[in-house]
Amino acid sequence: MSEQEKHKWYVIHTYSGYENKVKTSIEKKVENQNMQDLISELIVPLEEVKEMSAKGELKTVTQKVYPCYVFVKMIMNDDTWYVVRNTNGVTSFVGPGSKPVPLTDDEVLRMGIESFSCNINPGDSIIIISGPFENASGIVKEVNPNKRKVVVTVDFLGRETPTELDFNQVKLME
C-alpha cells in the first residue's frame, strides 16, 4: 500500500452543534455506499469536566473537546472527499483553500485522537539503542503511550537510576 493509499486523519469543520449529526450522517453514507475500506473512523472527542451548577453543587458534565470539528480517518480520493464535503452540516475540510491536509502523527497523538501502541510493558528488559545511555540495559518501570515515552531504570555509577526515554530509543532484549 503506497503512502497515498493509507488512511489518514483529517479534520472537518461543521456548523456549531452539528458535530454528532455530521458524524452519524457520514457513518450512514459510508455504510450505504459500502465505503468502510475508505472511511474507517469518525470521532467527536469528548471530555468530562467538573462544573458548578446554579445551586452551587459540583457536577460532572461531558463536553466536546473541539467544538465545531469532527475527525475522520480515511483514504482521501474524489469519492471520499465528495461524501464528506456534501454532508449536511459540513462547512469544509481544514486546510488551505479546498485542499484537505492530513494531521501529522504527532498532531494526532497530542490531540488525543488516537493513542500510540507499543509492545513494551512494565517489567520488560530492554536495551537502549540511542542517547547518552546507548548500549545500556534496563528494566521498564512505566509506559506512557500518549507521550511515546518509557521510564527505565538503568545502572548508573552503581545506582539504579530512573530515566525517561522515547519509544524509539529502546528495544526489547532478545
Problem set entry | Residue list for the stretch 48-92, filter: within 21 Å of Y15 (Cβ to Cβ) and part of a strand (DSSP E or B) | T62, Q63, K64, Y69, V70, F71, V72, M74, V90, T91, S92
Exercise. Is there any pair with a first residue in the stretch 64-86 that is under 14 Å from K21 (Cα atoms) and a second that is assigned to a loop (DSSP other than H, G, I, E, B) and among the β-branched types (V, I, T) whose Cβ atoms are under 9 Å apart and which are 6 or more apart or on different chains, and what are they?
Worked result: K64/V44; Y69/V44; Y69/V94; V70/V44; F71/V44; F71/I113
Seminar exercise, completed: So, first residue surrounded by fewer than 13 Cβ atoms within 10 Å (Cβ to Cβ) in the stretch 9-20, second residue assigned to a loop (DSSP other than H, G, I, E, B), Cβ within less than 9 Å, six or more apart or across chains; the pairs are S16/P67; S16/C68; G17/P67; G17/C68; G17/G89
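Look through S92, S115 and report the one residue that is modelled with pLDDT of 90 or more and among the polar types (S, T, N, Q).
On the way: S115 fails: modelled with pLDDT of 90 or more.
Within the list S92, S115, the selection yields S92.
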For this session: Identify, from the list I120, I113, the residue that is in contact with a strand residue (DSSP E or B) (Cβ under 9 Å, 6 or more places away or on another chain), surrounded by 13 or more Cβ atoms within 10 Å (Cβ to Cβ) and over 20 Å from C68 (Cα atoms).
Result: I120
Seminar exercise, completed: Over the stretch 27-42, the set of residues out of contact with any helix residue (DSSP H, G or I) (no Cβ under 6 Å at 6 or more places or on another chain) and crowded, with 16+ Cβ neighbours inside 10 Å is V30, M35
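Which members of the stretch 123-143 meet the condition of being of a type in the set (S, T, Y) and either loosely packed, with under 11 Cβ neighbours inside 10 Å or within 14 Å of T161 (Cα to Cα) (or both)?
Residues of the stretch 123-143 that are of a type in the set (S, T, Y), as a first pass: 125, 130, 137.
S137, the sole residue that qualifies.
When you check T14 against the structure, is it under 15 Å from V90 (Cβ atoms), modelled with pLDDT of 95 or more and touching a helix residue (DSSP H, G or I) at 6+ places or on another chain (Cβ under 6 Å), yes or no? Walk me through how you get there before you give the answer.
Values: under 15 Å from V90 (Cβ atoms): yes; modelled with pLDDT of 95 or more: yes; touching a helix residue (DSSP H, G or I) at 6+ places or on another chain (Cβ under 6 Å): yes.
So T14 passes the test.
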For this session: Working carefully through the options E174, E160, E134, find the one that is part of a loop (DSSP other than H, G, I, E, B) and touching a strand residue (DSSP E or B) at 6+ places or on another chain (Cβ under 7 Å).
Result: E134
Exercise. On the given criteria, is R85 within 30 Å of M173 (Cα to Cα) and either surrounded by 11 or more Cβ atoms within 10 Å (Cβ to Cβ) or in contact with a Gly (Cβ under 6 Å, 6 or more places away or on another chain) (or both)?
Worked result: no
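Of all residues in the stretch 47-63, which are under 19 Å from G17 (Cβ atoms), charged (D, E, K, R) and modelled with pLDDT of 85 or more?
Selection gives E51 alone.
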Exercise. Which pairs have Cβ atoms under 6 Å, sit 6 or more apart or on different chains, and link a residue in the stretch 91-106 that is in the same structural domain as K23 (by TED's automatic domain parsing) and surrounded by 11 or more Cβ atoms within 10 Å (Cβ to Cβ) to one that is at pLDDT 90 or above and part of a loop (DSSP other than H, G, I, E, B)?
Worked result: F93/P100; G95/V101
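If you go through the stretch 23-47 one residue at a time, how many are assigned to a loop (DSSP other than H, G, I, E, B), touching a Phe, Trp or Tyr at 6+ places or on another chain (Cβ under 9 Å) and either hydrophobic (A, V, I, L, M, F, W, C) or under 19 Å from N86 (Cβ atoms) (or both)? I'd like the intermediate steps shown before the answer.
Residues of the stretch 23-47 that are assigned to a loop (DSSP other than H, G, I, E, B), as a first pass: 33-38, 44-45.
Add one more test, that the residue is touching a Phe, Trp or Tyr at 6+ places or on another chain (Cβ under 9 Å), and what stays is 44-45.
Okay, now just the ones that are also either hydrophobic (A, V, I, L, M, F, W, C) or under 19 Å from N86 (Cβ atoms) (or both), so 44.
Number satisfying all stated conditions: 1.
The values are calculated or read from the model by the stated rules, or taken from the named source; none is laboratory data. This is a predicted model, so every value here is computed, not measured. Don't worry about glycine lacking a Cβ; one is built from the backbone with ideal geometry, like all the others, and counts go over all protein chains shown.
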